[in-house]
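Right, one structure below, let's go through it.
No value in this document is a laboratory result; all are computed from the given coordinates. Remember, predicted model here, so these are calculated numbers, not experimental data. Cβ placement follows ideal geometry from the backbone for every residue including glycine, while neighbour counts extend to all protein chains displayed.
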Amino acid sequence: MSPAGSADASPQSGMTLLEVLIVVTILGLGAAALPLSSFSAIDTARFDSLGRALMSELGRTRARALSSGNSERFILDVSARRFGKGLKQSLPADVDVRYTATKQSGLSSQSGAIVFYPDGSASGGSLALTQGNRRQRITVDWITGEVTRGG
């Protein structure tokens with residue numbers, strides 16, 4: 001008989017130190033992988049948000065041209081990483097932006113403008129956004145001035 005308050009320690013009761021270390025290691029690896037996947041989701045959301053912001057600014061520029069009866073310009077400066085009226089909005093450093101103008105505009109791939117006219121048409125052009133393996137293309141149709149986004 002054992003004295004009161006003492007427990008019989010048999011070889012089968014509880015976990016060994018090695019088992020505890022294995023469990024802690026597995027949990028640590030799982031916890032380390034979680035932030036990597038959440039960062040990827042955050043980057044994807046920011047990249048999609050940039051595409052929506054560019055489309056929104058292009059749409060606002062077109063709306064200003066239609067309502068004012070005057071031509072309005074969407075300005076993009078890739079080298080300064082800025083866009084929009086007054087170049088107030090910025091482009092993230094980790095996103096590659098390529099601007100393709102229509103032949104009539106004669107502008108470079110580093111900076112330029114898409115002009116929206118009061119009749120709804122535009123000078124046309126496209127923006128290609130790349131971040132890692134993510135891609136978006138925003139296109140402005142020169143006849144209708146319609147702004148579309150694709151992968």
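The residues neighbouring Arg64, those whose beta-carbon lies less than 15 Å from its own, together hold a net charge of +2 under the Lys/Arg +1, Asp/Glu -1 convention. When peptides 13-20, 43-50 are sorted by average Cβ neighbour count within 10 Å, with the highest value leading, the order is 43-50, 13-20. Tally Lys/Arg at +1 and Asp/Glu at -1 over every other residue whose Cβ is under 12 Å from the Cβ of Asp96; what's the total? Cβ neighbours under 12 Å give a net charge of +3.
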